[in-house]
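Coordinate-derived values only; no laboratory data. The model shown is predicted, which means the values in this text are computed figures rather than measured ones. Cβ placement follows ideal geometry from the backbone for every residue including glycine, while neighbour counts extend to all protein chains displayed.
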Amino acid sequence: MYAQMIKSEATQEDPEKLTAFQARIDAGEKIEPKDWMPAGYRKTLIRQIGQHAHSEIVGQLPEGNWITRAPTLERKAILLAKVQDEAGHGLYLYCAAETLGVSRDELTEMLLDGRMKYSSIFNYPTLTWADMGAVGWLVDGAAIMNQVPLQRTSFGPYSRAMIRICKEESFHQRQGYDIMMKMAQGTPAQKKMAQDALNRFWYPSLMMFGPSDKDSVHSEQSMAWKIKMNTNDELRQKFVDQTVPQAEYLGLTVPDPDLTWNEETGHYDFTQPDWSEFFDVLKGNGPCNRERLAARNKAWDDGKWVRDGLLAHAEKKAARRMAAE
Amino acid sequence: MSSPNAAYPDTPDTNAKPKRHEWPLWEIFIRGQHGMSHRHVGSLHAPDAEMAIKNARDVYTRRNEGVSIWVVEARHIAASSPSDKGPLYEPSESKVYRHPTFFDIPEDVGAM
Ligand SMILES: [Fe+2]
Ligand SMILES: [Fe+2]
């Protein structure tokens, strides 16, 4: 997902406090920033929300790549609005993380020097305009699968950020599907581009949910804390079940020869992605890892004079006001 | 009852860290179209109030969500403490007569 392979921290604290805390969560209460919480809960959330925020920000790059080359002015305006939304999503999430006592600059620095990760999906290139369709349809679609249940997460600020984000996401997925429909109904060359985009983004999209975590201790803890709401496999299955008919409608073929509808389970059987590729991308060896991080570092460095200058100006103005009073 | 303090927690290790030169955090309040009060919608960083309002417009009113923006620097917000929940809110629990449904008015009297 936008937060993958989040390790939850073991917690060693007053058992009585821990029991009371868990009881609040089980009763569906929201945990707010100033409430007592186990150190592990706080740490795990900072890692998870931070990674989620980084994904929103880095996720602007593959789509930003096509803003200047969108085929029409309208498509350009739509893509620009979509990418701007993602910046907002990053902001909502950074703010949620900040309520846990980490600063924005700290989070940014941890992204820039590689201590924190972002979703593997954004390390794949966007080669044609059809990729803008595939990203909106599949990548935002997969993100929605995960974000909708997270609206009910136990941590108040995270839950509220998710509610805002979910309101905006369906526009993202629909604009992507709209591009796919246009391409799939277009000339043979356009349809081929659409099929090629689906071929390249299918398995990376399945990887977004992370490897199977059925037996993972970490996800068990996170699920008890309600900061993870479903297993990775559950969400992946849901995504496949939802997406396959949408591909059929487009007249495109999901690149999985073993994909079959299973009468008995009421779900599609499908081929797992190549998990060695996933781990390789996480390690930094995906097609675009270096490029993405370099772009973020450049933006941060190039923006330094603006950040410093505006702050100096604001401080000077405040000092002058103080002197006048 | 403890005295009011900041809206966000100071985690143990934040104090130990060197002070950062970061734009301050602002809390954003938006009044929607239909005459409701300003409502807290989120926060953002900005060097000053003017920029905070501009950024708030870009982030929190992209879909006609509001007609008016308030910004308050987060450090100026005083907040009650979770441990005061009892002393602050319990007194009202026993005062059911503050709700109109406490009183039985005969139907013959008509709407009231
Ligand atoms: Fe997003
Ligand atoms: Fe999105």
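For the protein assembly as shown, a simple Cβ point-charge model (Lys and Arg +1, Asp and Glu -1, everything else neutral) yields a dipole of about 1580 debye relative to the Cα centre.
Based on Cα contacts under 8 Å between residues 6+ apart, chain B shows a relative contact order of 31 percent. Measuring nothing but how far apart in sequence close Cα pairs (under 8 Å, 6+ apart) lie, relative to its length, region A:1-101 scores a relative contact order of 34 percent.
Other residues with beta-carbon under 15 Å from the beta-carbon of A:Lys283 carry, at +1 per Lys or Arg and -1 per Asp or Glu, a net charge of +1.
Between B:Ala111, B:Tyr60, B:Gln33, the Cα set farthest toward the positive side of the dipole of chain B (charges on each charged residue's Cβ, about the Cα centre) is that of B:Tyr60.
Packing order of peptides A:130-142, A:112-124, highest average first: A:130-142, A:112-124 (average count of other Cβ atoms within 10 Å over each peptide's residues).
In order along region A:81-92, phi translates into HN-Hα couplings of 5, 5, 5, 5, 4, 5, 4, x, 4, x, 4, 4 Hz, rounded to whole numbers, per the Karplus curve 6.51 cos²θ - 1.76 cosθ + 1.60 with θ = phi - 60° and x for Gly and Pro. Dipole magnitude for region A:187-279: computed about the Cα centre from +1 point charges on Lys and Arg Cβ and -1 point charges on Asp and Glu Cβ, it is near 480 debye. Applying 1/(1 + (r/R0)^6) with r as the Cβ-Cβ distance of A:Glu234 and B:Glu90 and R0 = 56 angstrom yields a FRET efficiency of 0.85.
Label sites at B:His40 and A:His267, each approximated as a point 7 angstrom past Cα along Cα to Cβ, lie 3.9 nm apart. Using R₀ = 22 Å, calculate the FRET efficiency as 1/(1 + (r/R₀)^6) where r is the Cβ-Cβ separation of A:Glu277 and A:Asp241; round to 0.05. Plugging the Cβ-Cβ distance into 1/(1 + (r/R0)^6) gives 0.40. In this simple spin-label approximation, A:Ala189 and A:Arg321 carry label points 7 Å from Cα along the Cα→Cβ vector, and these lie 5.9 nm apart. First check a/c for the protein assembly as shown, with a ≥ b ≥ c the square roots of the eigenvalues of its C-alpha gyration tensor; if it is under 1.5, answer rounded, and if not, answer prolate when a/b is larger than b/c or oblate otherwise. Verdict is prolate for the protein assembly as shown. With a 10 Å cut-off around each Cβ of A:95-105, the average count of Cβ atoms from other chains is 5. From the residues A:Ala194, A:Ala81, A:Gly309, which one has its Cα farthest along the dipole of region A:15-323 in the positive direction, the dipole being from +1 and -1 charges on Cβ of Lys/Arg and Asp/Glu about the Cα centre? Going by the charge dipole, the pick is A:Gly309.
Per-residue ellipticity at 222 nm, computed for chain A from helices alone with -39500 (n - 2.57) per DSSP H run of at least four residues, works out to -20500 deg cm²/dmol. Dipole magnitude for region A:67-118: about 360 debye, using +1 per Lys or Arg Cβ and -1 per Asp or Glu Cβ, origin at the Cα centre. Summary value for chain A: 20 percent relative contact order, contacts being C-alpha pairs under 8 angstrom separated by 6+ residues. Of all lysines in the structure, those lying under 27 Å Cα to Cα from A:Lys228, and not within fewer than 8 positions of it along the same chain, are A:Lys7, A:Lys17, A:Lys30, A:Lys34, A:Lys43, A:Lys82, A:Lys117, A:Lys167, A:Lys214, A:Lys238, A:Lys283. Taking chain A as a Gaussian network of alpha-carbon nodes connected by springs under 10 Å, the highest mean-square fluctuation of the residues A:Glu248, A:Glu169, A:Glu234 belongs to A:Glu248. Fewest neighbouring Cβ atoms within 10 Å first, the residues A:Trp225, A:Trp261, B:Trp70 line up as A:Trp261, B:Trp70, A:Trp225. The Cβ shell under 11 Å around A:Ser212 holds other residues with a net charge of -2, Lys and Arg each +1, Asp and Glu each -1.
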